[in-house]
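Note sheet for the following structure.
The values are calculated or read from the model by the stated rules, or taken from the named source; none is laboratory data. What you see is a predicted model; the values in this text were computed from it and never measured. Note that each Cβ is placed from the backbone with ideal geometry, even for glycine, and that neighbours are counted across all protein chains shown. SASA here: full protein model, heavy atoms, side chains in, ligands and nucleic acids out. Shrake-Rupley method; radii C 1.70, N 1.55, O 1.52, S 1.80 Å.
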Amino acid sequence: MKETRLGFIGLGTMGAPMAENLQKAGYSLVVYNRTATKAERLVKLGAFLAESPAEVARKSEIVFVNVSDTEDVLQVVLGKDGVIEGSHPGMILVDHSTIKATASRIIYETMKERDVSSLDAPVSGGDIGAINGTLAIMIGGEKEVVDRIRPILEVVGKKITYVGGPGSGQIAKAANQIMVAAQMVAEAELLIFAQKAGADPERVIEAIRGGAAQCWTLDNKPQRLFAGNRTPGFKSSLQAKDLNIVIDTAREFKMSLPGTALNSQLFNGMVASGNGDLDNSAVIHMIELVNDEELATIES
Ligand code: NAP
């Protein structure tokens with residue numbers, strides 16, 4: 001399988017370490033990033049830098065994409081100089097970005113006309129999971145294609161789940177984001193609540209992590225906040241984007257998601273107040289504001 005030529009488009013917080021893990025696992029990699037300088041590290045490790053997504057596709061058997069939003073994926077896949085222009089029968093496209101399921105289905109159908117298999121394969125596990133190769137990958141598309149490339153997916157992920165037909169991976173990821181946002185907001189509220197009500201927030205986290213409140217967020221984020229570190233990780237603007245995908249989808253199915261509607265407004269507020277580039281745990285900023293209380297930082 002190591003002789004399979006891989007392409008990777010989008011070397012951001014997630015894409016860069018995912019591509020690096022593939023390179024280090026011994027695959028030969030063709031990469032593209034809109035801002036070419038971000039590819040320098042991978043090129044030093046032996047990757048070939050392409051000038052366009054089309055060139056990546058032309059030179060690869062499997063093309064991975066990890067860019068920001070729905071319109072960005074449509075542009076790098078179906079737009080001018082996009083993957084589609086360099087695609088060839090038998091090629092496989094794996095989109096790791098979190099986007100609208102409707103767009104993933106359009107990509108699936110369009111690529112199918114060219115004999116290209118397409119998977120929507122969004123990931124969860126944050127920058128830490130991308131660096132450690134321990135992401136959860138949730139996949140929509142054809143199961144046979146997932147089975148065929150599973151050894152490669154296992155380089156970047158430790159939990160690979162085939163969810164169902166095209167778009168199903170994106171629905172799973174949207175569902176995941178309902179939970180993640182709720183955790184971030186709850187973490188922010190409990191920290192400010194504990195501090196303002198007179199208990200040491202660090203001791204509170206220590207106390208509750210072993211009980212029913214235990215979750216990924218409490219395991220990973222409080223120490224960053226205590227250290228005054230609000231850099232991403234996962235940008236609040238991307239969290240806002242994902243919640244807006246959830247809300248749009250809920251509207252499509254005439255559903256009511258009151259908790260997520262509120263959380264999406266808090267993350268939209270992060271973007272509107274100029275804090276969109278901060279980590280999603282930095283949503284604590286909104287809770288600090290309404291309570292006139294700032295989380296104290298702790299010297300390490
Ligand atoms: P990021 O650090 O902001 O990187 C975004 C990447 O997309 C960059 O390489 C950027 O290129 C590229 N890009 C954006 N728009 C583009 C366009 N129109 N054409 C070409 N390239 C474009 O974002 P990220 O955190 O890696 O997230 C990427 C995706 O993974 C998102 O869908 C996000 O929701 C999802 N995700 C992120 C996390 C996380 O913890 N960060 C976790 C799970 C899922 P430039 O370098 O030129 O800007």
Residue 68 versus (1) within 14 Å of the ligand (Cβ to nearest atom); (2) touching a strand residue (DSSP E or B) at 6+ places or on another chain (Cβ under 7 Å); (3) of a type in the set (Ser, Thr, Tyr): which is the lone unmet condition?
(2)
In the stretch 225-247, which residues are touching a residue at least 40 places away in the same chain (Cβ under 8 Å) and away from the ligand (no atom under 15 Å from the Cβ)?
225, 226, 227, 228
Close pairs from the stretch 106-122: first free of Cβ contacts under 8 Å to residues at least 24 places away in the same chain, partner outside any loop (DSSP other than H, G, I, E, B), Cβ under 6 Å, at least 6 apart
none
Search the stretch 39-66 for residues that are small (Gly, Ala, Ser) and pair each with any residue that is assigned to a loop (DSSP other than H, G, I, E, B) when their beta-carbon atoms are under 6 Å apart and the residues are at least 6 apart or on different chains.
39/11; 39/33; 52/81; 54/81; 57/87
Condition first: surrounded by fewer than 21 Cβ atoms within 10 Å (Cβ to Cβ), within 16 Å of the ligand (Cβ to nearest atom) and at pLDDT 95 or above. Can you find one or more residues in the stretch 261-272 that meet it?
yes
Inside the stretch 71-84, can you point out the residues that are free of Cβ contacts under 8 Å to residues at least 12 places away in the same chain and more than 9 Å from the ligand (Cβ to nearest atom)?
80
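Listed residues 9, 107; which is crowded, with 21+ Cβ neighbours inside 10 Å and either in the same structural domain as residue 250 (by TED's automatic domain parsing) or near the ligand (Cβ under 9 Å from one of its atoms) (or both)?
Numbers: 107 fails: either in the same structural domain as residue 250 (by TED's automatic domain parsing) or near the ligand (Cβ under 9 Å from one of its atoms) (or both).
Step by step, each of 9, 107 is checked, and only 9 is crowded, with 21+ Cβ neighbours inside 10 Å and either in the same structural domain as residue 250 (by TED's automatic domain parsing) or near the ligand (Cβ under 9 Å from one of its atoms) (or both).
Out of the stretch 129-138, which residues are near the ligand (Cβ under 8 Å from one of its atoms) and either among the small types (Gly, Ala, Ser) or open to solvent by 30 Å² or more (accessible area, probe 1.4 Å) (or both)? Working first, answer last.
Going residue by residue through the stretch 129-138, those that are near the ligand (Cβ under 8 Å from one of its atoms) are 129-130, 135.
Those that are near the ligand (Cβ under 8 Å from one of its atoms) and either among the small types (Gly, Ala, Ser) or open to solvent by 30 Å² or more (accessible area, probe 1.4 Å) (or both): 129, 130.
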Subset of the stretch 35-76 [on the phi > 0 side of the Ramachandran plot and open to solvent by less than 10 Å² (accessible area, probe 1.4 Å)]
none
What residue, among those in the stretch 85-99 that are surrounded by fewer than 21 Cβ atoms within 10 Å (Cβ to Cβ) and over 20 Å from residue 151 (Cα atoms), is farthest from the ligand (Cβ to nearest atom)?
89
Filtered residues of the stretch 52-72 (kept if outside any loop (DSSP other than H, G, I, E, B) and farther than 15 Å from residue 87 by Cα)
70, 71, 72
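Determine whether residue 46 is within 16 Å of the ligand (Cβ to nearest atom) and of a type in the set (Gly, Ala, Ser).
Spelling it out, it is not the case that residue 46 is within 16 Å of the ligand (Cβ to nearest atom) and of a type in the set (Gly, Ala, Ser).
Yes or no, residue by residue, for (1) under 15 Å from the mean Cα position of the chain (by Cα); (2) in a helix (DSSP H, G or I); (3) among the small types (Gly, Ala, Ser):
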| position | (1), (2), (3) |
| --- | --- |
| 239 | yes, yes, no |
| 244 | yes, yes, no |
| 251 | no, yes, no |
| 255 | no, no, no |
| 267 | no, yes, no |
| 271 | no, yes, no |
| 275 | no, no, no |
| 282 | no, yes, yes |
| 288 | no, yes, no |
Selection count where residues are open to solvent by less than 50 Å² (accessible area, probe 1.4 Å) and either more than 16 Å from the ligand (Cβ to nearest atom) or not in a helix (DSSP H, G or I) (or both), scope the stretch 214-224:
4
